[in-house]
Amino acid sequence: MTTAQRPASVDLVIRRVTVLTETRRPVAAYPDLPPLDPARPRPVTFSPDHAIGVSGADIVWIKPDDEVSAADLDTARVIDAPGRVAIPGMINTHSHSSMTYFRGSAEDVPTASWFNDHIWPMEVNLTDRDVLLGARLAVAEMLLAGVTTVADHYFSMAQIATAVDDGGMRAVLAETYFSSQGAAGLERSAAFAAEWNGRADGRITTMLGPHAVYTVDDADLARTAEAARAIGVRSHVHASETMHQTESSLARRGATPIQVLHDTGMLDAGALIAHGTGIVESDLAWLTPYADRVGVSCCAKVYQKHTHSTTPIRMLHDAGIVVGIGTDGCASNNTLDMFESLRSMALVQKADAGDATWMTSAHSLDLLTRQSAAAIGREHDLGALKPGYKADIVLIDPRKPHLQPMNDLAAALVLSVRSSDVETVIVDGRVVVAEGRLVGVDLGPLMAEMNERLPGLTDRSHGTTIQTYAP
């Protein structure tokens, strides 16, 4: 072998792991049932006793562990993890990171009261410092739980970007704005998207952040679409969050929120739609022409808590629309645990369909990995463990009582694994969690300062609000 032919040396080798090497999107409602024909491709593939080679930020090879040579290990740090399960770093496709501050602050209230009487009056109190601290805690929580990428939608986004960069995470960030802020809102969102796209060695990418179809008027949505095209990014927007919003939009203007996104050019420019529980069959005519640039984020645990219907994944699936998994913010979800969100999604989908054969564990893993990456426009380098993809890797320890004996690994990952089973997390080729602990991070001072600042942040006696919820 000549020098030119010699494979590039690797910086990191993960050995003796079971690798989730492939998931496939079922082509219709049922074919993700385990096939009887051994020649037929299975919807999820695990490769036991394999090794992963990482050079810089990228995976360069995956091969049986007994094929790893001395040359492969010559310059590499070695993580020997026998029996661990390697999955792609999880992608939280919809969150509001800094709402860690409001975890548990608005419980057991209807949606309108949740916004108008609790959350939006408290968000008036947030300073840039609070947003930064809240985001730092969120980054820590997500990394410890195996979440390596977050699609975040919030205010003071430069502070969240700083927390992401410092924490070594990956993120798709969108500065939120309302039309009530005037032209400055969109201008600020577009300026952030242009300035931060590609920062942090490429770990930070951006979207435009119109809050929702009912808080951003059509003219601003159209301008958002134009700005997104000019910058070369998509938009992250709440739309059809509940069936009530869809019914209200139809009654007021004769169009669903999804049609509004179509008519204003938002779908054509590319959009990540948060929630979509109110998407109806007629919306497919607006969505399907843009299936290559539109995704929906399902945050199923939140819908259970707030008694909403759920994202119509079966209908979207059969129409070819990708659906990713998200948590939403801690104020509504209470945690940023993607395993909780995944499990809720899978179980709610079965209950909603009244069909135990729908949304199998293999299909659920496809939403968690490949489809979540596609929902944020990163299916080419995230959401899978393959050569050429980013080295965002999570190692899970399956040697726990609640995971043994292991009859079905896919089912275990969806229905049994806990965030505390995450042992190692790698982002962009860098180990950020080792032995279940953040590398080089002491959360004590951060949490102490947040608790000191909390009384002022939860004070609603001022009687003001950032917005009114009246879809």
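The values are calculated or read from the model by the stated rules, or taken from the named source; none is laboratory data. Nothing here was measured: the structure is a model prediction, and the numbers come from that model. Glycine gets a Cβ as well: all are built from the backbone with ideal geometry, and neighbour counts include every protein chain shown. Heavy atoms of the whole protein, side chains included, go into the accessibility calculation; ligands, DNA and RNA do not. Shrake-Rupley method; radii C 1.70, N 1.55, O 1.52, S 1.80 Å.
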- Principal-axis tilt of helix 157-167 within the chain, Cα atoms, nearest 10 degrees: 20 degrees
- Using only C-alpha atoms and all pairs of different ones, pull out the Kirkwood radius for segment 361-471 in Å with one decimal. 17.9 Å
- Largest to smallest principal axis extent of the C-alpha atoms in the chain, angstrom: 67, 52, 47
- Note on the structure: So the FRET efficiency between A222 and D80, C-beta based with R0 = 56 Å and rounded to 0.05, is 0.50
- Item | Local electrostatic count, M315, Cβ distance below 13 Å [Lys/Arg +1, Asp/Glu -1] | -3
- Can you tell me the accessible area per residue over the chain, all protein chains present, probe 1.4 angstrom, in square angstrom? 38 Å²
- Task: Evaluate 2.2 N^0.38 Å with N set to the residue count of segment 264-309, then give the Cα radius of gyration divided by it.
- Result: 1.26
- Task: At 10 °C and 1.306 mPa s, grab the translational diffusion coefficient of segment 94-156 from Stokes-Einstein with a Kirkwood Rh over Cα pairs, rounded to a whole number in µm² per second.
- Result: 126 µm²/s
- What's the extension gain from T21 to V439 if we count 0.36 nm per residue and subtract their Cα-Cα distance? 147.8 nm
- Taking K350 as the anchor, which lysines have their alpha carbon closer than 16 Å to its alpha carbon, excluding any fewer than eight residues away along the same chain? K301
- Task: First measure r as the distance between the Cβ atoms of S113 and L415, then evaluate 1/(1 + (r/R0)^6) with R0 = 51 Å and state the FRET efficiency to the nearest 0.05.
- Result: 0.95
- Inter-centroid distance (Cα atoms) of segment 250-329 relative to segment 406-471, Å: 26 Å
- Item | Volume per residue that the Cα convex hull of segment 332-387 spans, once the total is divided by residue count, Å³ | 100 Å³
- Message: So for each of 93-102, 74-83, 213-222 I average, over its residues, the number of other beta carbons within 10 Å; can you give me the resulting order with the highest mean first?
- Response: 93-102, 213-222, 74-83
- Note on the structure: Contact order relative to length for the chain, counting C-alpha pairs under 8 Å separated by 6 or more residues, stands in percent at 21 percent
- Note on the structure: With Cα coordinates, the longest principal axis of the chain makes an angle with the long axis of helix 243-253, in degrees rounded to 10, of 40 degrees
- If you build the Cα gyration tensor of segment 226-302 and take the root of 5 times each eigenvalue, what three semi-axes come out, in whole angstrom, biggest first? 20, 15, 11
- Query: Taking Cα pairs under 8 Å and at least six residues apart, what relative contact order does segment 223-374 come out at, in percent?
  - Reply: 19 percent
- lysines near K386 by alpha-carbon distance under 22 Å, same-chain residues fewer than 8 away left out - which ones? K63
- Task: May I ask for the equivalent-ellipsoid semi-axes of segment 55-184, computed as the square root of five times each C-alpha gyration tensor eigenvalue and listed largest first in whole Å?
- Result: 40, 16, 12
- Message: Just to check, using Stokes-Einstein with a Kirkwood Rh over alpha carbon pairs, what's the diffusion coefficient of segment 314-408 at 4 °C and 1.567 mPa s in µm²/s?
- Response: 86 µm²/s
- Per the rule of 0.36 nm per residue minus the C-alpha distance, extending N407 to S69 adds in nm 118.5 nm
- Message: Please compute the alpha carbon radius of gyration of segment 254-358, then divide it by the globular-protein estimate 2.2 N^0.38 Å. Two decimals is fine.
- Response: 1.07
- To the nearest 10 degrees, how steep is helix 128-144 against the longest Cα principal axis of the chain, on a 0 to 90 scale? 30 degrees
- Quick one: pull the percent of accessible area on the chain belonging to carbon and sulfur, 1.4 Å probe, ligands and nucleic acids left out. 52 percent
- Item | Residues whose placed amide H lies under 5 Å from that of T206, excluding near-sequence neighbours | L173, G198
